[in-house]
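So the structure is just underneath, and the comments pick up after that.
The values are calculated or read from the model by the stated rules, or taken from the named source; none is laboratory data. The model shown is predicted, which means the values in this text are computed figures rather than measured ones. Positions of Cβ are backbone-derived with ideal geometry, glycine not excepted, and every protein chain shown enters the neighbour counts. Ligands, DNA and RNA are stripped out before the accessible areas are found, and what is left, the full protein with its side chains, is counted by its heavy atoms. Shrake-Rupley method; radii C 1.70, N 1.55, O 1.52, S 1.80 Å.
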Amino acid sequence: MASRYLEPRLERASRAEMTRLQLRRLREQVAHAARHSPFYRRKLRGLRPDPARLRTLDDLRRLPFTTKDELKENQAANPPWGDVLAVPLADVLRVHLTSATTGRPLAFLDTAADWHGFYHSYARSLHAFGVRKADMVMAAFSYGPWIGYWSGFYAAQDLGCLVYPVGGLSTEQRLDALLTYPITVLGCTPSYALFLAEAAAKKGIDLAKQSKLRITWHTGEPGASIPATKAKIESAFGVRAYDLPGLTEIAAWGFECDARAGLTHVHEDYVYPEVLDEQGQPVKPGERGELVFTSLYRKAMPLLRYRTRDIVQLADRRCPCGRTLVAFEGGVLARVDDMKKVRGIIVYPRRIEELVRPHRDVDEFQIVFRRRDGLDDILVRLDPSPALAPVARERLGETLARDLQLGLGIRVSVEVGEPGSLPRWDHKARRVTDERTEVPF
Ligand SMILES: [Zn+2]
């Protein structure tokens, strides 16, 4: 398929060509940051050899990491932008905020060229999903300072698609648009996709039959890379659903491959990825580690060795799509910050979602980490489908408790509530609470 690639020269570059390109951009970025960003000037001071004289990509490992906490502290100490900024403020075109669960969100600035880089990498992901010029696209993210809506909108427009703007519209208005206009592509968080499907079902609308949708893409949360969550979205909308991982501070850095071999590729010409073990050493193919990115294109806030806190597994096989871009198995597998310890066992909420979603009779769920009689305990609350007979609810709870115990290796309490009793999420979901660390009020 000749048109599979938007930029075949880059997507199928030989390793030597890609390394040459990365090294050139890396040198440029490090020199730019060291010269123009007060934050990096301090951080890189006194480093031998001169950071601008990186001989190989491995030399990057001599430079220190950058963390999100560091950036937040920097902005708190020098409000409102901090001093990472490496261009005059007059050259800045856009500001976006990261979504924060605690504290003030990070403000991220871009020049016109930076912004083009962000949405163009995103466009390359959309193209990989099969989105083309003839498509009509709805990017159903919140209209505001978050990057999700803007990047989805600009990326679709970059491919020449007709974009229907729905940032400020209600779910009802969005459903109406899906029935009225020939919208073929929908982008949203996986939680919102499920929310939208439920809202349609309540109105007796079958989106798989009554809309023209053929592709959905999902970002903001890793749900679409969980097979059961993806299957649920695909059957509700009658589409192929794809996961698009991205970070406001880095890029729309990759895409779930259209070859459907379970691999996620990285736009290596925009971002240089490292996958590191706990000692900061690169993992071998087939192993897991924390994903660390160095931006190869952003000039306003040129992040070097940025710790994403995302766990990925470096692929040890070639992808059948013919691309040579680095690939990870199954997208972002876990977030370091989401890790919970329960009675000595490590539990990731994503694993619980993997075990809950295959049950078609569960519409929504919630996870509570709590202390019971002095012992750590996990409570999973289920919101059953209204179609499930009340007598069958108890059995659903028992089946799930068994699956969770088998899958996690510890006993889990399960509660089945009334249909519709748990909150739904129209942006990023907040399904997890940890009562052990949160102060009750
Ligand atoms: Zn591929």
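Counting the residues of region 269-286 that are within 16 Å of the ligand (Cβ to nearest atom) and open to solvent by 10 Å² or more (accessible area, probe 1.4 Å) gives 2.
Residues in region 262-283 that are under 25 Å from Lys230 (Cβ atoms) and at pLDDT below 95: Gly262 only. What's the number of the condition Leu291 fails, among (1) of a type outside the set (Ser, Thr, Tyr); (2) in contact with a strand residue (DSSP E or B) (Cβ under 7 Å, 6 or more places away or on another chain); (3) within 16 Å of the ligand (Cβ to nearest atom); (4) open to solvent by less than 40 Å² (accessible area, probe 1.4 Å)? The number of the failed condition is (3). Which ones in region 75-91 are in contact with a helix residue (DSSP H, G or I) (Cβ under 6 Å, 6 or more places away or on another chain) and more than 18 Å from Leu26 (Cα to Cα)? Those that are in contact with a helix residue (DSSP H, G or I) (Cβ under 6 Å, 6 or more places away or on another chain) and more than 18 Å from Leu26 (Cα to Cα): Gly82, Asp83. Cβ separations smaller than 6 Å between residues 6+ apart or across chains give the following pairs from region 417-432 residues that are in contact (Cβ under 8 Å) with a residue 60 or more places away in the chain to residues that are aromatic (Phe, Trp, Tyr) and surrounded by 14 or more Cβ atoms within 10 Å (Cβ to Cβ): Arg424/Phe195; Asp426/Tyr192; Asp426/Phe195.
Looking across region 11-20, the residues that are of a type in the set (A, V, I, L, M, F, W, C) and open to solvent by less than 30 Å² (accessible area, probe 1.4 Å) come down to Ala13, Met18. Tell me, please, whether a residue that is of a type in the set (D, E, K, R), within 25 Å of Lys428 (Cβ to Cβ), in contact (Cβ under 8 Å) with a residue 24 or more places away in the chain and within 16 Å of the ligand (Cβ to nearest atom) can be found in region 123-131. Checked against the condition, which is being of a type in the set (D, E, K, R), within 25 Å of Lys428 (Cβ to Cβ), in contact (Cβ under 8 Å) with a residue 24 or more places away in the chain and within 16 Å of the ligand (Cβ to nearest atom), region 123-131 yields at least one hit.
Consider region 242-268 and keep the residues that are of a type in the set (Ser, Thr, Tyr) and crowded, with 24+ Cβ neighbours inside 10 Å. The one that is farthest from the ligand (Cβ to nearest atom) is Tyr242.
Could you say whether any residue in region 218-235 is touching a Phe, Trp or Tyr at 6+ places or on another chain (Cβ under 8 Å), modelled with pLDDT of 95 or more and away from the ligand (no atom under 16 Å from the Cβ)? Checking region 218-235: at least one residue is touching a Phe, Trp or Tyr at 6+ places or on another chain (Cβ under 8 Å), modelled with pLDDT of 95 or more and away from the ligand (no atom under 16 Å from the Cβ).
Between Ala392, Ala429, the distinction of being surrounded by fewer than 17 Cβ atoms within 10 Å (Cβ to Cβ) and small (Gly, Ala, Ser) belongs to Ala392 only.
If you go through region 64-80 one residue at a time, how many are in a loop (DSSP other than H, G, I, E, B) and open to solvent by 80 Å² or more (accessible area, probe 1.4 Å)? Adding up the residues that qualify gives 2.
Which of the residues belonging to region 336-350 are without any contact (Cβ under 8 Å) to a residue 60 or more places away in the chain and not charged (D, E, K, R)? Of everything in region 336-350, those that are without any contact (Cβ under 8 Å) to a residue 60 or more places away in the chain and not charged (D, E, K, R) turn out to be Val336, Met339, Gly344, Ile346, Tyr348.
Rundown of residues vs (1) under 20 Å from Tyr192 (Cβ atoms); (2) of a type in the set (Gly, Ala, Ser), yes/no style:
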| residue | (1), (2) |
| --- | --- |
| Val362 | yes, no |
| Gln366 | yes, no |
| Leu388 | no, no |
| Arg393 | no, no |
| Ala401 | no, yes |
| Pro423 | yes, no |
| His427 | yes, no |
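With respect to the conditions (1) surrounded by 22 or more Cβ atoms within 10 Å (Cβ to Cβ); (2) closer than 30 Å to Tyr348 by Cβ, Val239 lacks only one, and its number is (1). The condition (being of a type outside the set (Phe, Trp, Tyr), out of contact with any Asp or Glu (no Cβ under 6 Å at 6 or more places or on another chain) and on the phi < 0 side of the Ramachandran plot) is satisfied by just one residue among Val271, Val283: Val271. Restricting region 193-209 to residues that are within 12 Å of Val239 (Cα to Cα) and open to solvent by 20 Å² or more (accessible area, probe 1.4 Å), the residue that is nearest to the chain's Cα centre (by Cα) is Ala208. Residue-level check: of (1) within 25 Å of Phe195 (Cα to Cα); (2) open to solvent by 90 Å² or more (accessible area, probe 1.4 Å); (3) touching a residue at least 12 places away in the same chain (Cβ under 8 Å), Glu435 misses just (1).
Looking at Arg61, Arg4, can you tell me which residue is open to solvent by 30 Å² or more (accessible area, probe 1.4 Å), of a type in the set (D, E, K, R), at pLDDT below 95 and touching a helix residue (DSSP H, G or I) at 6+ places or on another chain (Cβ under 8 Å)? The conditions single out Arg4. Among the residues making up region 98-135, a single one is surrounded by fewer than 17 Cβ atoms within 10 Å (Cβ to Cβ), hydrophobic (A, V, I, L, M, F, W, C) and farther than 27 Å from Asn78 by Cβ: Ala134.
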